[in-house]
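Structure first, commentary second.
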Amino acid sequence: MNEQNNLASNNQSAQPVDPSQNIEERADHRITRTGASDVLVALSAFFIILLLIVVFIFQNMSPVQVSFLWMHGNLPLALAMLLSVISGALLMALAAGARVLQLRHAASRHRREEINHA
């Protein structure tokens, strides 16, 4: 009996949110994103990708013959693929860096021209 009275009193004390209430008045009840939550999401994604890479490496350990220019040798398949991916990423980084330098140079030249014309 006491439990029913407690439940009844709890139901009466709970006040529902009025949908006609202004959104600004309810804004303090929102959960905001933090830097720590962003880091947690990034770390989780990183570890999932790392786990997939490790599984890929262990599943592709058979040796393959690799030839590049004058060099010849045998490497595990996963290592050969990993080296090719890293090489491609370095080439992309070099191309992107060259483009950034080109844009910076053009921007500084444009600023100098604006100063000279002013």
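Every condition in (1) part of a helix (DSSP H, G or I); (2) among the β-branched types (Val, Ile, Thr); (3) surrounded by 11 or more Cβ atoms within 10 Å (Cβ to Cβ) holds for Val55 except the one numbered (3).
Taking Ala89, is it surrounded by 10 or more Cβ atoms within 10 Å (Cβ to Cβ), under 30 Å from Phe58 (Cβ atoms) and modelled with pLDDT under 90? So Ala89 fails the test.
The values are calculated or read from the model by the stated rules, or taken from the named source; none is laboratory data. Note that this is a predicted model, so its numbers are computed, not measured. Neighbour counts run over all protein chains shown; Cβ positions are idealised from the backbone, glycine included.
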